[in-house]
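The values are calculated or read from the model by the stated rules, or taken from the named source; none is laboratory data. Treat the numbers as computed from the prediction; the structure is a model and nothing was measured. Here the Cβ positions follow ideal geometry from the backbone for every residue, glycine too, while neighbour counts run over all protein chains shown.
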Amino acid sequence: MNKLPIIPLADIINTFLDKNIEKITPITRAISKRLEWFIKGFEKNLIAINPIVLILIIGILIWFLLKDKKLSVILMILLSVILGLGLWKDAMGTLSLVMIGTVISLLMGIPIGIAAALDNTIEKIIRPILDFMQTLPSFVYLIPAVMFFSLGKVSALVAILIFSMPPAIRLTNLGIREVPEDKIEASKAFGATKFQILFGIQLPLALKTIMTGINQCIMMALSMSVIAAMIGAGGLGRSVLTAMQTVDIGMGIEGGLGIVLLAIVLDRATEKIAQNNQGIR
């Protein structure tokens with residue numbers, strides 16, 4: 001019986017890496033040291049703030065900036081529960097990674113999304129790349145991250161960036177493409193430049209959709225930060241990982257509850273920001 005030839009993809013990839021890994025790793029490890037210093041410094045400063053003071057600051061900001069007293073109280077209660085469970089330090093470790101990862105993802109993802117919305121060729125090129133990034137199992141991202149950046153928070157950050165960027169790109173692209181053509185034509189009739197149309201018409205009208213992308217970006221960053229505990233990310237994911245290794249059901253539930261509470265806080269806050277921008281349309 002004839003057998004179809006097997007493509008030795010794994011061998012090809014490993015051979016390529018064996019030949020080039022020594023050229024690449026000195027650069028990535030140098031970058032890793034600097035990023036590690038920044039991440040740990042940010043986390044240290046976040047933990048240094050008195051938890052009660054930080055909870056009050058967050059509550060006051062949501063109350064006055066988002067004009068939602070009820071949401072402010074609810075989020076302060078949820079954060080207080082995290083503090084009461086003794087998970088505050090781990091939660092701040094996870095939050096620092098999520099915040100840094102989300103900011104970098106948005107700084108990279110939103111411009112790419114804008115470019116894709118304005119150029120169909122770019123959109124056609126990045127669509128299969130985004131499909132690949134979103135369908136690849138999340139654990140697979142950890143392998144190249146560890147290979148190039150070693151174990152630790154930087155590898156976790158790299159995995160977070162790759163995993164959380166697609167929603168920002170897709171929904172920025174979608175939001176701009178959904179802007180009514182008549183509004184763009186009207187602005188052109190008044191002599192608006194492409195720059196003025198983009199920042200004066202398209203982005204403001206696409207803001208609600210973009211905010212949805214930011215919300216998804218944050219949620220995916222949080223989910224990957226938990227998985228990345230396997231490669232030394234620390235934070236709340238470490239509690240869950242330790243519970244799995246020691247079959248400690250109580251610790252697992254406690255760590256899982258902390259993750260859920262933090263996710264609710266981030267989700268509700270960003271969702272409220274998106275709702276506040278809905279009126280721009």
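What the table below lists for this structure:
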{"read-out": "Unique residue being of a type in the set (A, V, I, L, M), surrounded by 19 or more Cβ atoms within 10 Å (Cβ to Cβ) and within 16 Å of residue 221 (Cβ to Cβ) when the list is 142, 87", "value": "142"}
{"read-out": "Residue list for segment 1-29, filter: of a type in the set (A, V, I, L, M) and surrounded by 10 or more Cβ atoms within 10 Å (Cβ to Cβ)", "value": "12, 13, 17, 21, 24, 27"}
{"read-out": "Candidate set from segment 150-193 (those that are charged (D, E, K, R) and in contact (Cβ under 8 Å) with a residue 40 or more places away in the chain); member that is farthest from residue 99 (Cα to Cα)", "value": "177"}
{"read-out": "Residues within segment 65-121 that are closer than 20 Å to residue 215 by Cβ, not in a helix (DSSP H, G or I) and not hydrophobic (A, V, I, L, M, F, W, C), tallied", "value": "2"}
{"read-out": "Segment 231-281 - residue that is outside any helix (DSSP H, G or I) and charged (D, E, K, R) and, of those, nearest to the chain's Cα centre (by Cα)", "value": "281"}
{"read-out": "Failed condition for residue 220, given (1) in contact with a Phe, Trp or Tyr (Cβ under 7 Å, 6 or more places away or on another chain); (2) modelled with pLDDT under 85; (3) of a type in the set (A, V, I, L, M, F, W, C)", "value": "(2)"}
{"read-out": "Top-ranked residue of segment 161-202 - restricted to ones that are part of a helix (DSSP H, G or I) and small (Gly, Ala, Ser), ranked as farthest from the chain's Cα centre (by Cα)", "value": "189"}
{"read-out": "Qualifying residue in segment 127-146 (condition: in contact (Cβ under 8 Å) with a residue 60 or more places away in the chain, more than 24 Å from residue 26 (Cα to Cα), out of contact with any Gly (no Cβ under 9 Å at 6 or more places or on another chain) and not small (Gly, Ala, Ser))", "value": "yes"}
{"read-out": "Inter-residue pairs, beta-carbon under 7 Å, first over 26 Å from residue 214 (Cβ atoms) and in segment 246-271, second loosely packed, with under 15 Cβ neighbours inside 10 Å and among the aliphatic types (A, V, I, L, M), 6+ apart", "value": "252/244"}
{"read-out": "First in segment 10-29 and under 19 Å from residue 152 (Cα atoms), second anywhere and assigned to a helix (DSSP H, G or I), Cβ under 7 Å, 6 or more apart", "value": "24/148; 25/148; 28/148; 28/149"}
{"read-out": "Residues within segment 17-52 that are assigned to a helix (DSSP H, G or I), among the β-branched types (Val, Ile, Thr) and within 22 Å of residue 100 (Cβ to Cβ), tallied", "value": "5"}
{"read-out": "Tabulated pairs, segment 31-58, first buried (at least 16 other Cβ atoms within 10 Å of the Cβ), second not hydrophobic (A, V, I, L, M, F, W, C) and not in a helix (DSSP H, G or I), C-beta under 7 angstrom, 6+ apart or interchain", "value": "32/150; 36/152"}
